[in-house]
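Q: Here it is, the structure, as structure tokens.
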Amino acid sequence: MATQRPDSPCIARCTTAVGDNVCRGCGRSFAEISNWCFMDGTEREQVWQTLPQRMPLLEIAERLGVLLDLQVQDGLEWGVLRLDGRTLMLRLNAGQLALRLPDGRGLPIGLEQGLDGVLAQLSQYIALAN
């Protein structure tokens, strides 16, 4: 059974017009927004499926005062944050947040303490990496 969805994920809070690569409103990339009207149903559904993983990454980026970029590594989409001269790659999958280390391994980030706990863990990682 197909999922009934609105015509677009747009919530009229688009930030790609001001230079964001990922919209803080709907979570789509600039390319996805630009090409939405040319996508078929399967392509649109693939975008819809990525949005629940992107929105928490957008919230983390916003709280850190940085922008979110997206990058595919080994076939997986990662959120990219640039903070204090470091590039952090984060991925949320099945309720688990991981930080991609420079050697490609994933370091789990605990979600038990909520967003503040995630931000504290990322700050600790940056301090140790410097």
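Readers should treat all values here as calculations from the given coordinates under stated rules, not as data from a laboratory. Note that the structure is predicted; figures quoted are calculated from it, not measured. Cβ atoms come from the backbone with ideal geometry, glycine included; neighbour counts cover every protein chain shown.
Q: Give me the percent relative contact order of segment 18-129, please, defined on Cα pairs under 8 angstrom at least 6 residues apart.
A: Computed over segment 18-129, the figure is 16 percent.
Q: Let me ask another. Residue separation times 0.36 nm, minus the C-alpha to C-alpha distance between Gln49 and Leu111: what's the value?
A: Gain on stretching Gln49 to Leu111: 20.2 nm.
Q: OK, next. Please determine, in degrees from 0 to 90 and to the nearest 10, the orientation of helix 114-129 with respect to the longest principal axis defined by the Cα atoms of the chain, where the helix direction is its Cα long axis.
A: 50 degrees
Q: Further, regarding this structure: For the chain, what is the charge dipole size about the Cα centre, in debye to the nearest 20, if Lys and Arg each add +1 at the Cβ and Asp and Glu each add -1 at the Cβ?
A: 160 debye
Q: Still on this structure, I have one more. Per DSSP H run of n ≥ 4, the term is -39500 (n - 2.57); total these for the chain, divide by its residue number, and report the mean residue ellipticity at 222 nm rounded to 500 deg cm²/dmol.
A: Value at 222 nm, helices only: -11500 deg cm²/dmol.
Q: Say a site is exposed when it is one of the trypsin sites (Lys or Arg not before Pro), sits in a DSSP loop, and has at most 15 other Cβ atoms within 10 Å; what is then the longest site-free stretch of the chain?
A: 14-104
Q: What does the charge count around Ala17 come to, taking other residues whose C-beta lies under 15 Å from its C-beta (Lys +1, Arg +1, Asp -1, Glu -1)?
A: Local net charge: +1.
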